[in-house]
Every structure is written in C-alpha cells, then in structure tokens.
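Here is the structure we will look at, set down as structure tokens.
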Amino acid sequence: MKKGSGGHDGITPLMRQYNKIKEQYPDKILFFRMGDFYEMFGDDAVKAAPILNVALTSRGHMNGARIPLAGVPYHAMDKYLARLLEAGEKVVVVEQVEDPKLAKGVVKREVVEIITPGTATIDGVADIASPLYLGGIYQDNDASAAGIAYIDLLSGKFYLDEGTSEKMIEKLRVLSPQEIIFPSGESVPDLIEVLKRSGERRLTPFDGWNFDYQTAVRELTAFFGVGTLDGFGVAPFHRGLTAAGAIYRYLREANRNHLDHVTKITVAASDDYMALDYSTVRNLELVKNLSESTEKDSLFSAVNLTLTAGGARLLKENILHPFCRPEPILHRQKGVKELFLQREISLRLPPLLRKFPDLERLAGRLGMRKLNPRQLASLREGLLVADELMTIVRDLRSPVFQDMVQSYPATMELSRLIEKALTDEPPLVSNKGNVIRAGYSAELDNLKDSIKSARVFIASLQQKERERTGIPSLKVGYNQVFGYYIEITRTHLEKTPSDYIRKQTLVNAERFITQELKEKEELIAAAEEKIFALEERLYNELVENAAESLKDIIAVAEIISEFDLIAALADLASARMYCCPDIDENTALEIIGGRHPVIENILPAGNFIANDLSLAADTDRIMILTGPNMSGKSTYLRQIGLIVILAQIGSFVPAESARIGLVDRVFTRVGAIDNLARGQSTFLVEMIETSNILHNATEKSLLLLDEVGRGTSTFDGLSIAWAVVEFINENIRARTVFATHYHELTGLAALYDRVRNYQVSVKRWEDTIIFLHKIIPGGCDDSYGIEVARLAGVPRSIVGRSRELLHLLESGKFSQSELARGIHKNMNQRSLFDSPPSPVEEELREMNIDSLTPLEALRILSEMKRKLDDK
Ligand SMILES: Nc1ncnc2c1ncn2[C@@H]1O[C@H](COP(=O)(O)OP(=O)(O)OP(=O)(O)O)[C@@H](O)[C@H]1O
Ligand SMILES: [Mg+2]
C-alpha cells in the first residue's frame, strides 16, 4: 500500500480516490481492494464490522477525526459477501486495475462488480435446490394489471409474465425471488405496498426511467442478437417486457456484462402449467413446512431422490408448476415406468449421477466469465459423465429418452480441447501458473524449457556444493523475501569458499549466495512472470473458446437434469410402492388405497391407513366430510391434493391405483394461524382465501376446503359454509372435498344430487374412542370434541361439566338466555356462568387476539398456565 503525502485538503490521494468512488454509491458498502485485503472505511466499516464479526480499527485522519476501518482477506471474500447480503446490504467491489509495482502514485482502481441479493453469484452459498431469482415488476397507468420478469443468473433462465396485479403478486410470492426491483418515484405503486405487507423484504427501488417499453425492446433485441423478439413469443407482453428490460439494465449496472448463457426469454404463464397460488403452496406444504418454514417434511423433501443439483431444482420447479395437459405428463410418466420396470438399469445410474457436477451453474459461470480453472475442469468432467450416461439412455425405448438422444449435442471436441489444455489438477486461480498442460502451447513450453537448466542447476547445487566444501550439513533453500540461499551452520563457517557472498545472518547459521545462483534466480523469476501471464492469457482464450459451445453445454445440462429426475421418480415409485396413475381429460378422480406421501413416511411403516376417493364433476361432485377432531380429515384432504400434483408432474403416486382426470388448478383453504403477525384476523384471511377460490376456480379445478366458516360464530359460519357449497355445486361445478364440523351440512346431500356425505370412522371402546382414520360413506353427527379434550389432559371436572352442558344443549332448542337459565335450574352446584371470573379469565377477556404475534401468544399462554399452576 502506498501512502500519499497528503494533499492540500489534508486528505491522502488514496482517500481522495476512495471518496470519489464512494460518492456514487452512498447506500452500498464499498469493498476497496488494498493488497490482499478488501478494506471498508468510515460508516461502511462501522456498519459491516459487527455483521462480519471482524475487528473495527482506524487509520489516518480526516478533518481531525480518525477514519474507522475494517478489512477482510480477499480469498475469503465470498463468505463475507454472503453475510452482508443476508443482512440486507449491497456491496460494491472495487479492484486494483493496474500492477501496483508499475503504478505511479496511487494504484488505479475501478468498480468491477455490484453485488445485490438478486445479482450475486457467490460460490458455495447458493442453495443448490433452488433457483435464485432477480425479479422485476412494472405497472403502467392501469393499476389493475402488472407485468413481471425474473431471471436466475446462475442458470440463465429468463422469464416474463403479465396479468392482473393480484395474479402477478401471487406469482412473485410463489417464486420468492432474492430481490425484486420496481420503479422508484414519488408515488410507490399500491402493489409494492401489498408486497411489503405480505412480508416481502427484498424490494429494491430502481430509477423509474429504466422501466421503458421502447428501450426494453431495443436493448433486449440487441442483447439477444435477433431482429425481433417475436420468435420468443413475448412480443404481446408490453408490461412484462418493460420489467424484463429493467432487469437487463439493472444487471448491466451491476457490471454483469457477460451474460452469454442467457440465450432466450420466455413467457412463464401458459395454459400448460397449473397455476398454484401462494396459499395453496403453503397449505399443502409443497416445498416448505408450515411450522418452521424449512424444507423438512415438505412434499419436495419427501419425494426428492434426485442425485444431481439440476435434477433437484427441476423437481422443485415442477412441484410448484405441475403440468396441465396430458402430453407432457405422459411423456415423462412413460419414462418413469420404463425405468421402474428395468431396475437393473436404474442400479447402474447412481454412481454416474453422483459424479455429475452442477453443469447448469457451471455453464452460467462460463457465460458470466466467472469460471476458474478448477471449475472448467469440472465442466469437462460433467460433459464426460453425461456422455457415459447417454450410452445407457440409448438403450431405453420411451419417447422421452429417444428425444434426449436426438437432441443430445456432441461435445467431445470441447472436452478434448479442455483436456489438452488444462493440467490434471488445475488451481483455483488462473494467474499463478500450473494451469496449462505441457504440449498445448509451444511458446509456453519454450519459456518453461528456458529455465529448465537453471532449475536443474539449483536442484543439483546442494549436492555439488557439499562435495566442493566438504560440509555435510550445507543446505540450499528458498524463501519469499530473500529468494535462494546457501546455508552454512556456525560450526562450519571457516570452510566457507571465497566466492560466497554473505546475505543474511541467523542465530546458528549464515546464508550466502553465489553470483551464478543469483543469475539463475533472476532468470527464473523473469521467466516465471512471463509464464504466469501467458498461462492466464491461454486460459482466458480457452474460456472464450468454451463459451462458443454454451448452448450445447446448457442442452447437456438440461437433458441430464430431466434424466436424473425421471430416474429419481422411478426409484421413488419402487421404494415406496407407488402406482402409475391413469391420466385423462375427464373430470373424474378415482383413488384406491391413497396415502399421504409425507405422513406415511413419518409414521412407522404400515401405520398409515390408506383411503379411497371417488369424485366426478358430473356425478359425485362434492364430498362433505365429517368426523371427530383428530380423526384425519385434514390429512385426507391434503393427501388428495398431493396425489394430484404428483400425478401431474408425471410421477407415480402413493396409492394402489389411481385415475386422475386432469385438474387445471388445486385450490385449498386449510387452517390459518400464520397470518396473525401481518395484522389480518384469522377469519378475514379465511374469507379472503375463500373469495379467491370462488372467483377463480373452474369446472376442472379441485377444491380442498377445510372447515370453511370455523373462524366465526356457529350460525354465521354454518350459513357461510352452506352457501359456499351451494354456490360451488351450482355455479363452479368443481370437484370439491369439504371437511367440516358442522353436521348440519350433511343435510345438503338430501337436497342436491351431486353432494355426498362421508365420515371418518371412529370406534367407541368403553368410555374412550379409537381413531380408525378410515373414510366411509355417511355423515357423522358426533364430534367427540370432549373426548379429545379429555385425551389432551383437560381437567376431569371440566370434561364432566362439558358433558352435562352438551346434553342440555342437545336436549332441545334454547335461546341463549333460556339456555343459561335452564342450566341454572339444573344446577345446584356452583355455576360456570355466574362464578366470579378468575384473573386469568379477566385477562383473556381484555386481550385483543388479532394484535398478537404467535410468539407473544405463546408467551402469554405459558404465563397464564404458570398462574393457574401457582394457585
Ligand atoms: N390415514 C391415517 N393413518 C394414520 N394416521 C393418521 C391418518 N390420518 C391422520 N392420521 C393421524 O391423525 C392426526 C390428526 O389428523 P388430522 O389433523 O388430519 O385430523 P382432523 O380430523 O383434521 O382433526 P381436526 O378436526 O382437529 O382438524 C395426524 O397428525 C396423523 O398423525
Ligand atoms: Mg383438521
């Protein structure tokens, strides 16, 4: 580091350079390269030091005050960047762009990269099973519609979409991008407010003029090198294109100038895929569980037997976007079936698939020119493994495999080239030598040859000098500071030859150099510098060369991902005894012996009770499912949704047999406890979700409604539930399973042909109940709520009292006041209704539940429990 002498304003030239760059990025943290460190100054240092857990020091003065300073070693940069991103910060990376040895004055520095959550491509940090999207959203004067676009920088996949604002917000929530850009301006659009309220934290305002349709079309056309965007099928989507154009500009501003792996932009929305809304994705726990928001016990984690990163990502993407049309489903399903039947072939796959690197992301790195020599070697390995896998695929017969063989590109030439060029174990950096193999470049080989004799001289020097001087302990060594030396211990010093030149004195020894050794050393140093530079140049040429084949590399990656997924689904079918569902375009759903793919896995083997289902839009349209608490209604409801989704990604399903009349959308309304923190009451959320379903469901949809109406008073709830069922039956005509505690709803079956009653059976045994978890026809008119309360350990006196009250309630029709009086008459012990309220009861009455977060509620609950226990 060169220290300036201080300018006229008392600021060193270095700090002046720093300030000039920092001015342009007031809201981002500057990583300022100085030697082997990235330094942060001033407020940046103060802010970042605790996040990064590094020491906060200071250096120099500015206007009389010490300048805070914090630094991180350059080679560990990714780790620190990841922490800053996690903390919601954005980082500007400033590098030295000239050799400090050649610099006159302060070393020249430039911004090389801007790192934001959506543009980061940090090694080893990204979750391999999830795409990392940078999203953008745009609205014109019509606030009811919006356009979105999103890109996964690591894979190069770029999409756009357009529709009602509501739909677009749903879509973004399902995708959960790392970062979403929106046009900044005086008035923040409503939909940004909605996103914020829904808990979206990674919103980045981006100057409004970057969102311009004409500019977007011009720049994207130029970027893709096409005459028109019509070929991508995106032309009609003006709002979506505007958002895509802004994303492109945002990437360029972040200095992502190389994007060769982004070869197309496609429309994400299409009738080919089932559109699952956010609440369904959550309620069915497709990729995350409801309780902790981790992957554990989600459908994805339960069925993911893929062995490659690309395969895992494809599976997750498909679970969130199942197919809607029979062709793609059957295409994949036939492949799964073939591998399912050919287990001996399947067994040959795992060793190969495990070896397969994340080729898709390596291609992305190549496209961004962020591929180090070791990664290039890994890319080649990927191509070779893919070739090997294809020899197996060639023997398979299903159309999906034949298509793979047809479209598989030849990449032999590229892998040969890489093999010829790279050493066997190339390093992580390209500018420190050992990258290029001998025989690849005559120029390089000559350079290396030119120092060969010097190296031989040094290698043999020790032996030679020992013989010449007769000192057996004489040593030839090397260190960074002094270079080569000859070391003689004190005891032998008098034998030192006269041509030795003293260089360094140690406690027990002296170090020397000879004229000849010095010359050879200089020769090697000069040549090495040239060798390193040449190797780096050759490497960069090699990378450019490889980038020419990007399309092919991406195609290979896609084929292997699909193959891995099919193999994994075949393994799943065989390991868990799934069956191959019949797929057709009727509106029937027939499942024999269906199981819940996640819960059956958690319970001890054989403990899950299988259940059937028979629904058809024109005959058995609506199933009213009653049954006691804890009997398995919700489990059954979800299992139907999960089976349909699995079937529609081409998988086998957990059942003995299944016929799936294709579903265009699965809608769910399942318990809501999760939105309390967002200031919406349970009942409000329930009604919002119900309303969404009633507006958007079609005759081909599948509706899974769990206790609609529960969140309010009995009569309100019952009335709403009743009316909803009538509406579905008459207007939507969708296949529906409606789980409820309102036994009154079983009356609907008598009024409507297509409504059927089912119940989950339980057995009474002495004075307890046994849950059979078996769905049988008929309505259940007992909820056994009191039994469940007893099982849960509610005090005996309360259980007894509840039974008394229940009998009274069931004995006749009472108005509230009559009921209260009736109970009084029958009571000679202390009445529940007029005993003075306990402090806990008081507290409960005072409490506003809607304003509590689940955590607070838990805390209060345990506090109350403590008070009661203390009594
Ligand atoms: N088919 C089944 N086989 C075995 N165990 C089951 C089955 N279905 C449900 N269970 C078990 O019973 C528990 C309760 O099931 P579930 O939550 O579906 O009941 P529910 O009827 O919806 O209750 P509530 O009315 O209180 O909402 C589950 O957690 C599961 O452990
Ligand atoms: Mg339930």
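The values are calculated or read from the model by the stated rules, or taken from the named source; none is laboratory data. Being a predicted model, the structure only gives us computed values, none of them experimental. Note that we place each Cβ from the backbone using ideal geometry, even for glycine, and neighbour counts take in every protein chain shown. We work out accessible area using only protein heavy atoms, side chains counted, and drop any ligands, DNA or RNA first. Shrake-Rupley method; radii C 1.70, N 1.55, O 1.52, S 1.80 Å.
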I'd like the distance separating the alpha-carbon centroids of the stretch 596-621 and the stretch 409-450, in whole Å.
58 Å
With the contact rule set at Cα under 8 Å and sequence spacing of 6 or more, what percent relative contact order holds for the stretch 443-516?
21 percent
Pairs beyond 26 Å (Cα-Cα), from K370/K551; K104/K448; K22/K79; K171/K355:
K104/K448; K171/K355
Could you give me the ³J(HN,Hα) list for the stretch 277-291, computed from phi with Karplus coefficients 6.51, -1.76, 1.60 and θ = phi - 60°, whole Hz, x at Gly and Pro?
7, 4, 5, 5, 4, 6, 4, 7, 6, 5, 10, 9, 7, 6, 6
Exposed GluC sites (Glu not before Pro) absent - longest run of the chain, DSSP non-H/G/I/E/B, at most 15 other C-beta within 10 Å
293-547
Net lengthening on full extension, V429/L341 (0.36 nm per residue, minus Cα-Cα):
27.0 nm
HN-Hα J couplings of the stretch 305-321 from phi, Karplus 6.51/-1.76/1.60, θ = phi - 60°, integer Hz, Gly and Pro as x?
10, 5, 10, 10, 5, x, x, 5, 5, 5, 4, 5, 4, 5, 5, 7, 9
Sort W765, W722 from largest to smallest accessible area, using a 1.4 Å probe on the heavy atoms of the protein chains.
W765, W722
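Give me the number: length gained by fully extending Q463 to D387, i.e. 0.36 nm times residue separation minus the C-alpha to C-alpha distance, one decimal in nm.
Computed gain between Q463 and D387 is 22.3 nm.
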What part of the accessible area of the chain, given as a whole %, is carbon or sulfur when the probe is 1.4 angstrom?
52 percent
Length gained, T294-V97, 0.36 nm per residue minus C-alpha separation, equals 66.6 nm
Calculate the spin-label point distance for W765 paired with L523, positioning each point 7 Å from the Cα along the beta-carbon direction, and give it in nanometres.
9.3 nm
Helix-derived [θ] at 222 nm for the chain: sum -39500 (n - 2.57) over DSSP H runs of at least 4, divide by residue count, nearest 500?
-13500 deg cm²/dmol
How much accessible area per residue does the chain have, in Å², with a 1.4 Å probe?
48 Å²
Below 8 Å, C-alpha to C-alpha, sequence gap of six or more: please give me the relative contact order for the chain in percent.
9 percent
Cβ-defined net charge surrounding F223, 13 Å radius [Lys, Arg +1; Asp, Glu -1]:
+3
Summed residue charge, Cβ within 12 Å of H773's Cβ, Lys/Arg positive, Asp/Glu negative
+3
Counting only protein heavy atoms and leaving out ligands, DNA and RNA, the solvent-accessible surface of V794 at a 1.4 Å probe, in Å² to the nearest 10, equals 60 Å²
Around K475: net Lys/Arg minus Asp/Glu count, Cβ-Cβ under 15 Å
+3
Base-10 log of normalised Debye intensity for the stretch 133-269 (one unit scatterer per alpha-carbon) at q = 0.19 Å⁻¹
-1.06
Mean projected area in nm² (Cα convex hull; one quarter of hull surface) for the chain:
52.3 nm²
